[in-house]
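As structure tokens, the structure follows; a few thoughts come after it.
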Amino acid sequence: MLFKQQALLRQKLFVLGSLAIGSLLYLVARVGSLDRLQPICPVDGRFRPHGQDEIPFRALQFKRGLLHEFRKGNATKEQIRLHNLVQQLPKAIIIGVRKGGTRALLEMLNLHPAVVKASQEIHFFDNDENYAKGIEWYRKKMPFSYPHQITIEKSPAYFITEEVPERIYKMNSSIKLLIIVREPTTRAISDYTQVLEGKERKNKTYYKFEKLAIDPNTCEVNTKYKAVRTSIYTKHLERWLKYFPIEQFHIVDGDRLITEPLPELQLVEKFLNLPPRISQYNLYFNATRGFYCLRFNIVFNKCLAGSKGRIHPEVDSSVITKLRKFFHPFNQKFYQITGRTFNWP
Ligand code: A3P
């Protein structure tokens, strides 16, 4: 009899204990995402009737849940209708620069509850075949979102492709444009490293960076080399300025996004008229990766893929000096046009 009572007591204690642990875990998770539960201001600054001026907690669940299910093809049309979800054209585009940190910027902005990212690079404006498919094709490539959220896509090839500014202008002349830049020589080496890795994967040999970056006949910087040309930021920006005023651009410091991402993201929030929602809680330094990683809440965090943050090959210091000297006047012009100065050598 005594033994039976003890067993019953143990059973009750086990149930109570499980309940207590469950509640505690739930509370911790809620506190972890508290800043995301706060009602936020309307994205475009206009007042909305009560109920629409908040991004509900649902929005966060949607980002991790329904959206994911939809991508996998599991969410039903009915769910989409019930949640009032729409596929919206982007209100902001990260147009470049390749290897500037475009993926990190997009993923970090996606921490904001009012932002929904297009996961893939869509290459609508730079690819003639895609562009010919029309704007509805492009819109259908966008993720589902609540009407008060903004969609952002990134395709770094946009920055350097001739036809793109006019095409984007035709879609939306008041769109916000984000450009993330790094010190031009480092960016060029990063660009080279990506191509080199691709060749190595296919067991192909490739030239050394020095051979590509310096013209062997003149011993001058080889301006025909794409990795060099892409780093002449001012030349590309000048083409964009034929269509958009400088106020529609925001320049992100890609080198600072690596070492100190939060202030850079706060500047972007401001530029996009978003209420500040990304906090230090959302970003933590991962010593193994050597980069900041993303924390959505207590249970969900992620680092960028291993293809981001490659080890660069060593480059002859005289070549580096030559490249830096070459980029210098272009950089000065870039600072002057954008009003943002970097400490590039
Ligand atoms: P490296 O591979 O040269 O280090 P993009 O996404 O435009 O291709 O840019 C890739 C670069 O993003 C990487 O270049 C890396 O330095 C930078 N980056 C910035 N923040 C990062 C982060 N949190 N995790 C990984 N890479 C990051």
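The table below gives the values:
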item	result
Candidates ASN297, ASN343 - the one that is more than 12 Å from the ligand (Cβ to nearest atom) and over 16 Å from THR186 (Cα atoms)	ASN297
Given (1) free of Cβ contacts under 8 Å to residues at least 24 places away in the same chain; (2) within 23 Å of the chain's Cα centre (by Cα); (3) within 16 Å of the ligand (Cβ to nearest atom), index of the condition ARG310 fails	(1)
Pick from region 223-265, criterion away from the ligand (no atom under 16 Å from the Cβ) and free of Cβ contacts under 8 Å to residues at least 40 places away in the same chain, ranking: surrounded by the most Cβ atoms within 10 Å (Cβ to Cβ)	TYR225
Flag if VAL268 is within 13 Å of the ligand (Cβ to nearest atom) and at pLDDT 95 or above	no
Helices (runs of 4 or more DSSP H) enclosed by region 103-219 - at least 2 residues per element that are without any contact (Cβ under 8 Å) to a residue 24 or more places away in the chain	128-131, 135-140, 184-201, 209-213
Residues (small (Gly, Ala, Ser), within 10 Å of the ligand (Cβ to nearest atom) and within 30 Å of GLN248 (Cβ to Cβ)) located in region 271-294	none
Filter result for VAL97 (among the hydrophobic types (A, V, I, L, M, F, W, C), within 16 Å of the ligand (Cβ to nearest atom) and crowded, with 22+ Cβ neighbours inside 10 Å)	yes
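Results for (1) modelled with pLDDT under 95; (2) within 16 Å of the ligand (Cβ to nearest atom); (3) among the aliphatic types (A, V, I, L, M), shown as yes or no for each residue.
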| residue | (1), (2), (3) |
| --- | --- |
| SER119 | yes, yes, no |
| ILE122 | no, yes, yes |
| TYR138 | no, no, no |
| GLU153 | no, yes, no |
| GLU163 | no, no, no |
| LYS170 | no, no, no |
| GLN194 | no, yes, no |
| PHE209 | no, yes, no |
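The values are calculated or read from the model by the stated rules, or taken from the named source; none is laboratory data. Everything numeric in this text was worked out from a predicted model, so none of it was measured. No Cβ is skipped: glycine too gets one built from the backbone with ideal geometry, and neighbour counts run over all protein chains shown.
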